[in-house]
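Taken together, the values in this text are just the output of simple stated rules run on the coordinates, not laboratory data. All of these numbers come straight from a predicted model, not from anything done at the bench.
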Amino acid sequence: MYAHPDNTETFQWNGTTSMLSEGAVYLPSAKLTMGGASNGKVLRGQIIVDSMQTGGSTRLGLEYQQYVDTSIPAVFLIE
């Protein structure tokens, strides 16, 4: 998923899933909200966003796979 850096609109990723998504979410100036019911790993890849919010009964699983080089400031969630 890609949004131009000038786009600050919130991107909503909602629903019920047990599937795996792979790739990069690139929303450098936008907020990502994730909600619904997830029963497994949601994303294998990178999430590059301004901010992120989760809700519902999401069991968010992230498996890091580097696609885009990042620089400081950066936040890395490693479980």
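For Leu60 and Met19, the difference between the fully extended length at 0.36 nm per residue and the C-alpha to C-alpha distance is 13.6 nm.
Extension gain for Arg44 to Met1 (0.36 nm times residue separation, less C-alpha to C-alpha distance): 14.2 nm.
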